[in-house]
Amino acid sequence: MDIVMDAGAGLFERVLRDMESPDAAATRAGGATARDLLVLLKLAAAGPDATAADMARELSVPAADVSLGLERCRRVGLVDAEKRRVEADALLEFFEHGLRFVFPAEIFGRGRAAPLDPAAPRAAEDPRLDELLRCADALRGSGRRERAAAARELKSLLLERSCS
């Protein structure tokens, strides 16, 4: 069986490599977390004028988590640090093709999925972020058609919010 890799495979490989070690020291050094993706989606929802302190307060997470998360996302190409914007194409590619493998949905109860991060339910009180989180959750564990629809919706939302 031949495996075809496109130009975006390098990004996917970097993200996977950075996620190999989940302990705190590795996280500071490069291992991305689900919280990083929550921070990334918050940046997309809030726009480039949002400060790390504002995002931390609105997400109810430590400011250090926001700063470190943005730095890790910058390192793997998901954030343009100069413009303080989400790299929409890279984010879409990772979410569409890798999110369900790296952060699969854990289903419990009556088919409900565990949130991407423990802070996500509180953060979803922001309607703009809630839309993005719903797309992410659909991309984490739905069927092929649902994932395709969620990818289209995520792309539309990111373009609407002027991500780069």
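Nothing in this text is a laboratory measurement; each read-out follows from the coordinates by a stated rule. The structure presented is a predicted model; accordingly, all values stated were derived computationally and were not measured. Virtual Cβ from ideal backbone geometry, glycine too; neighbours counted across all protein chains shown.
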Subject >> Residue count for the range 34-79, restricted to those that are among the basic types (Lys, Arg) and closer than 14 Å to Leu132 by Cβ >> reply: 1
Original post:
From the list Arg112, Arg152, Arg100, which residue is closer than 20 Å to Cys73 by Cα and among the basic types (Lys, Arg)?
Top reply: Arg100
Original post:
Is at least one residue of the range 141-149 of a type in the set (A, V, I, L, M) and over 14 Å from the mean Cα position of the chain (by Cα)?
Top reply: yes
Original post:
When the range 134-146 is examined, which residues are found to be among the small types (Gly, Ala, Ser), within 26 Å of Ala56 (Cα to Cα) and without any contact (Cβ under 8 Å) to a residue 60 or more places away in the chain?
Top reply: Ala138
**OP:** Examine the range 76-94 for a residue that is among the aromatic types (Phe, Trp, Tyr), within 14 Å of Ala136 (Cβ to Cβ) and free of Cβ contacts under 8 Å to residues at least 60 places away in the same chain, and state whether such a residue exists.
**Re:** no
Original post:
Do you know which residues across the range 44-66 are in contact with a Lys or Arg (Cβ under 6 Å, 6 or more places away or on another chain) and either farther than 23 Å from Glu160 by Cα or acidic (Asp, Glu) (or both)?
Top reply: Ser60, Asp65
Subject >> Selection from the range 100-133 of residues that are in contact (Cβ under 8 Å) with a residue 12 or more places away in the chain, of a type outside the set (D, E, K, R) and not in a helix (DSSP H, G or I) >> reply: Phe103, Pro104, Ala105, Ile107, Ala113, Pro115, Leu116, Ala119
**OP:** Could you please find all residues in the range 136-150 being surrounded by 17 or more Cβ atoms within 10 Å (Cβ to Cβ) and either touching a Phe, Trp or Tyr at 6+ places or on another chain (Cβ under 7 Å) or of a type in the set (Asp, Glu) (or both)?
**Re:** Ala136, Asp137, Leu139, Arg140
Original post:
When Gly77 is evaluated against the numbered criteria (1) assigned to a helix (DSSP H, G or I); (2) on the phi > 0 side of the Ramachandran plot, which criterion, by number, is the only one it fails?
Top reply: (1)
Subject >> Single unsatisfied condition, Ala149 versus (1) touching a residue at least 24 places away in the same chain (Cβ under 8 Å); (2) in contact with a Ser or Thr (Cβ under 9 Å, 6 or more places away or on another chain) >> reply: (1)
**OP:** Among what's in the range 34-56 and is touching a helix residue (DSSP H, G or I) at 6+ places or on another chain (Cβ under 8 Å) and free of Cβ contacts under 8 Å to residues at least 40 places away in the same chain, pick the residue that is surrounded by the fewest Cβ atoms within 10 Å (Cβ to Cβ).
**Re:** Ala53
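Matching residues to (1) loosely packed, with under 15 Cβ neighbours inside 10 Å; (2) of a type in the set (D, E, K, R):
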{"position": "His97", "(1), (2)": "no, no"}
{"position": "Phe103", "(1), (2)": "no, no"}
{"position": "Phe108", "(1), (2)": "yes, no"}
{"position": "Ala114", "(1), (2)": "no, no"}
{"position": "Arg134", "(1), (2)": "no, yes"}
{"position": "Arg152", "(1), (2)": "yes, yes"}
{"position": "Arg161", "(1), (2)": "no, yes"}
